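None of the figures in this text is laboratory data; all of them are computed from the coordinates on show. Quantities reported herein were computed from a predicted structural model and do not represent experimental measurements. Neighbour counts are summed over all protein chains in view; Cβ atoms, including those assigned to glycine, are modelled from backbone coordinates with ideal geometry.
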Amino acid sequence: MSKIFKYLLGVILTFVIIVGFSFPMVANPQHWYEFPIIPGLEEKARNIFFHVPMAWVSVIAFLTSLVFSVQYLRTRDYQNDIKSVSAAGLGFVFCVLATVTGAIWAKFNWGAFWNWDPRQTSIFILLLIYGAYFALRSAIDNEEKRAQLSAAYSIIAGITVPFFIFVMPRMMSGLHPGSAGDAQGKGPLFESKGIAPNMRVLFYLSGLCFAALFFWMWNLRVRVETLLWKKQELA
Amino acid sequence: MNSTIAIFLKDIRSELRTRYALNSLVMFVITTISIVIFAIQAESPGSLIYAGILWIIIFFASMSGLSRTFVSEEERGTTLLLQLSAKPSTVLYGKMAFNIVLLLGLNLFTTILFFLFVPEFTLRRPDIFFLVIIFGTLALAVTSTMLAAIVAKANTKGTLYPVLSFPVLLPMFITVIDATKLAVEGAPFSETLGNFQMLISYLIATFIASSLLFDVIWKD
């Protein structure tokens, strides 16, 4: 089962990446393999298949880490701490990827790599939270204490995340779609009815696949860390 | 309730005995404001920039002072005694009350000093500014008390504290800086309402989270 899943994910993700880069963008799409040109974005619109899923996955990873932090505090099972840290570590990687892909997009669409748009601010904060979380972990020697305190910290940091992701970008003016003062009005960052059906399918497929990739990598990391922990226990 | 007050009074008493936090914080604020003045010299950056500078001073002053409550217990080895003699929640609320009082005093001092030394910093809506300082102080003190309890158990306390606090405090800081700018510009109260709603919901969220999580952090 898991083998089929792995191969399937590999094939679909390859498909998503190749299609995302290679399907032609034409003014009047006639075939299913043609994307419409979005005014103002043009070829740069392809980044939507990579940048947005990365941002989603980094938030999913953060929530996963948060859930297992809560689980740790409830059960005091060290396994949950391993799950929480592994998710946070991978989330950090995806967060960096989202920031980099976003910065490249910003350079060519808005003129600078970094503009302190509210959403750029929020991803910067997410990076800082991950950084602080690992700084805290490295500053505590006792395993149990480290697990407890970092779980508590990630919960406290977690309750501020909705302010960044959902409240602030809508309150402040910014460059991303959905900011206050946007021509299309305040609202969610992304409305699926605005884009062509074939782009929409690829977009959701990409989001799904990167999320699946995250859970696969997370599973591997958890297993490795658990083995290392057990080895240490035996030694 | 009684033991909360007892812990609050104990902290006040031990602070007045050593005046560790008080002295160093007052000196910190004076030093920072004079550095700002020396750096700016003849330039006049305008009230909007000064609003930001004021909150920078408040942030770093609180980062250097607010962790004392828990770190000093840890340093003097009195943590265990406190754990035995009081319930965790009363310890948290007592320390929180102490930090609120300390920070309110400090921020009052900072703003008065700021108004004295920076005459260019003028407000059109002092009432909004006053409210911002009060709510900002409350949110800052409540959140940093909890983080101080975490930091007190870690190895590198001094440097870790601002690192941990900054991302958690940032939604609050962006809101208060924005509201202070509105107070400088003389915006009507209805325009700042969103900021206050955000500040109050932030305050409630962090207060509840602290109350729920403190048991975990406090018990060894």
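The table below lists the values:
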{"quantity": "Charge tally in the Cβ shell below 12 Å around A:PHE215, where Lys, Arg are +1 and Asp, Glu are -1, A:PHE215 excluded", "calculated": "+3"}
{"quantity": "Two-decimal ratio, segment A:2-234, of alpha-carbon radius of gyration to 2.2 N^0.38 Å", "calculated": "1.13"}
{"quantity": "Chain B: relative contact order as a whole-number percent, Cα under 8 Å and 6+ apart", "calculated": "29"}
{"quantity": "On Cα atoms only, tilt of B:47-65 relative to the major axis of chain B in degrees", "calculated": "10"}
{"quantity": "Computed E for B:SER85/A:THR226 - FRET, C-beta separation, R0 45 angstrom, nearest 0.05", "calculated": "0.65"}
{"quantity": "Cα-based Rg of the protein assembly as shown normalised by 2.2 N^0.38 Å, two decimals", "calculated": "1.10"}
{"quantity": "Angle in degrees between helix A:2-22 and the longest Cα principal axis of chain A, rounded to the nearest 10", "calculated": "30"}
{"quantity": "Across A:LYS145/A:LYS230; A:LYS6/A:LYS44; A:LYS231/B:LYS157, pairs whose alpha-carbon gap is larger than 21 Å", "calculated": "A:LYS6/A:LYS44; A:LYS231/B:LYS157"}
{"quantity": "Among A:VAL96, A:VAL19, A:VAL161, residue whose mean-square fluctuation peaks in a GNM of chain A (springs only between Cα atoms under 10 Å)", "calculated": "A:VAL19"}
{"quantity": "3J(HN,Hα) from dihedral phi, segment B:15-21, Karplus parametrisation 6.51/-1.76/1.60, rounded to Hz, x for glycine, proline", "calculated": "5, 5, 5, 9, 6, 5, 5"}
{"quantity": "37 °C / 0.692 mPa s Stokes-Einstein diffusion coefficient of segment B:106-220, Kirkwood radius on C-alpha pairs, µm²/s", "calculated": "211"}
{"quantity": "Radius of gyration and maximum dimension Dmax of segment B:2-218, Cα, Å", "calculated": "17.8, 57"}
{"quantity": "Contact order relative to length of segment A:2-234, as percent, for alpha carbon pairs under 8 angstrom and 6 or more apart", "calculated": "25"}
{"quantity": "Set of segment A:7-22 residues, backbone N closer than 18 Å to the point 7 Å along the Cα-Cβ line of A:GLU43", "calculated": "A:17-22"}
{"quantity": "Cβ-placed point charges (K, R +1; D, E -1), dipole of segment B:1-94 about Cα centre in debye, nearest 20", "calculated": "340"}
{"quantity": "Residues A:ASP117, B:ASP215 arranged by fewest to most Cβ contacts within 10 Å", "calculated": "B:ASP215, A:ASP117"}
{"quantity": "GNM flexibility winner over chain B from B:ASN107, B:ASN155, B:ASN99 (Cα, springs under 10 Å)", "calculated": "B:ASN155"}
{"quantity": "Helix-only [θ]222 nm of chain B, DSSP H runs n ≥ 4, -39500 (n - 2.57) each, per residue, nearest 500", "calculated": "-30000 deg cm²/dmol"}
{"quantity": "Test item: A:69-75 mean partner chain Cβ contacts at 10 Å", "calculated": "1"}
{"quantity": "Peptide B:200-206, shielding by other chains (average Cβ, 10 Å cutoff)", "calculated": "2"}
{"quantity": "Cα long-axis angle, helix A:78-109 against chain A (0 to 90 degrees, to the nearest 10)", "calculated": "30"}
{"quantity": "Bins of 10 Å from zero: percent of alpha-carbon pairs in segment B:124-176", "calculated": "24, 44, 23, 9, 1"}
{"quantity": "Whole-Å distance, taken between Cα centres, linking segment A:98-117 and segment B:63-139", "calculated": "38"}
{"quantity": "Order of A:MET217, B:MET96, B:MET1, B:MET172 - criterion: other Cβ atoms within 10 Å of each residue's Cβ, fewest first", "calculated": "B:MET1, A:MET217, B:MET172, B:MET96"}
{"quantity": "Alpha carbon convex hull of segment B:66-105, projected area averaged over orientations, nm²", "calculated": "2.7"}
{"quantity": "³J(HN,Hα) computed for each position of segment A:147-161 - Karplus, 6.51 cos²θ - 1.76 cosθ + 1.60, integer Hz, glycine/proline x", "calculated": "4, 4, 5, 5, 5, 4, 5, 5, 5, 4, 5, x, 6, 8, 4"}
{"quantity": "Loop-located trypsin sites (Lys or Arg not before Pro) in segment B:72-140, at most 13 other Cβ atoms within 10 Å (DSSP)", "calculated": "B:ARG124"}
{"quantity": "Diffusion constant of segment A:78-163 at 10 °C, which comes from Stokes-Einstein with the Kirkwood Cα-pair radius and 1.306 mPa s, µm²/s", "calculated": "112"}
{"quantity": "A:TRP110, A:TRP116 arranged by Cβ crowding within 10 Å, fewest neighbours leading", "calculated": "A:TRP116, A:TRP110"}
{"quantity": "Longest exposed-site-free window of chain B, the sites being GluC sites (Glu not before Pro) in a DSSP loop that have at most 16 other C-beta atoms within 10 Å", "calculated": "B:121-220"}
{"quantity": "Once exposed loop trypsin sites (Lys or Arg not before Pro) are cut out (DSSP; at most 16 other Cβ, 10 Å), longest piece of chain A", "calculated": "A:77-185"}
